[in-house]
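Below is one structure; the comments refer to it alone.
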Amino acid sequence: MNRRLSHMLNRRDESRQARLQNIQHGRHMIGQYDEIEMLERTAVDAFRFSYARGGHWNVLSDSRNVLMLAACHKIETSTVKADHEAVREVTRIALEALKSIRDREQKTGKFGCNAAELNALHALVETSRDFWNRQPAELFQNALDANAKVTKDLVRERRTQG
């Protein structure tokens with residue numbers, strides 16, 4: 001085996017070992033996001049097959065909010081912003097779909113969505129999966145905490161107004 005090939009094989013093995021260490025130490029979301037992704041996909045299916053309830057909408061809304069918070073953080077701190085701008089655009093489109101679904105539910109009493117809204121929700125779940133598999137687990141936890149704080153503040157504000 002020539003020297004160059006040997007070097008390339010060693011680098012490949014080092015890369016695999018480093019990736020396994022990152023996964024084992026919880027530094028990346030690979031494999032840790034599966035349960036959350038299943039909830040998100042179940043929620044999208046609930047809208048697709050017309051049995052959605054408020055809990056399904058909440059799962060997708062939280063997914064959108066957490067992803068948006070993380071994407072905005074990455075835009076502020078990253079040198080390469082284009083990928084994160086695209087993620088933020090997906091969250092913006094998903095927000096419009098979620099608002100439409102909520103407004104329709106408030107008028108009719110039933111959850112449902114049209115094809116464009118369903119596509120937006122599907123894109124949200126796909127983008128979320130792709131994004132989180134490339135991020136440290138710490139970012140996910142920080143985004144969850146920030147979303148919980150924002151939600152808690154909103155609830156407190158609405159109680160004082162109402």
If I filter segment 135-147 down to residues being of a type in the set (A, V, I, L, M, F, W, C) and under 16 Å from LEU60 (Cα atoms), which single residue comes out as most open to solvent (accessible area, probe 1.4 Å)?
LEU144
Please state which one of VAL150, VAL155, VAL80, VAL87 is hydrophobic (A, V, I, L, M, F, W, C) and more than 19 Å from SER61 (Cβ to Cβ).
VAL80
If a residue has to be touching a Leu at 6+ places or on another chain (Cβ under 7 Å), more than 14 Å from LEU139 (Cβ to Cβ), crowded, with 21+ Cβ neighbours inside 10 Å and of a type in the set (A, V, I, L, M, F, W, C) to count, how many in segment 44-78 make the cut?
3
Subset of segment 119-134 that is within 17 Å of TRP57 (Cα to Cα) and open to solvent by 50 Å² or more (accessible area, probe 1.4 Å) - its residue that is farthest from the chain's Cα centre (by Cα):
ASN119
Would you say ARG159 is open to solvent by 90 Å² or more (accessible area, probe 1.4 Å) and part of a helix (DSSP H, G or I)?
yes
Is at least one residue of segment 64-79 among the charged types (D, E, K, R), part of a helix (DSSP H, G or I), farther than 19 Å from VAL150 by Cβ and out of contact with any strand residue (DSSP E or B) (no Cβ under 9 Å at 6 or more places or on another chain)?
no
Taking the condition assigned to a helix (DSSP H, G or I), touching a residue at least 24 places away in the same chain (Cβ under 8 Å) and over 13 Å from the mean Cα position of the chain (by Cα), does ARG102 pass?
yes
Run CYS72 past the list (1) in contact with a Lys or Arg (Cβ under 7 Å, 6 or more places away or on another chain); (2) farther than 12 Å from TRP57 by Cα; (3) at pLDDT 95 or above and report the number of the one that doesn't hold.
(3)
Against the condition of a type in the set (Val, Ile, Thr) and under 17 Å from ALA94 (Cβ atoms), how does THR160 come out, does it pass?
no
Test for GLU105: is it loosely packed, with under 15 Cβ neighbours inside 10 Å and of a type in the set (D, E, K, R):
no
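The values are calculated or read from the model by the stated rules, or taken from the named source; none is laboratory data. Here the structure is a predicted model, which is why all the values come from computation and not from measurement. With ideal geometry, Cβ positions are generated from the backbone for all residues, glycine too; neighbour counts draw on all protein chains shown. Remember, those area values only see protein heavy atoms, side chains included, never the ligands or the DNA or RNA. Shrake-Rupley method; radii C 1.70, N 1.55, O 1.52, S 1.80 Å.
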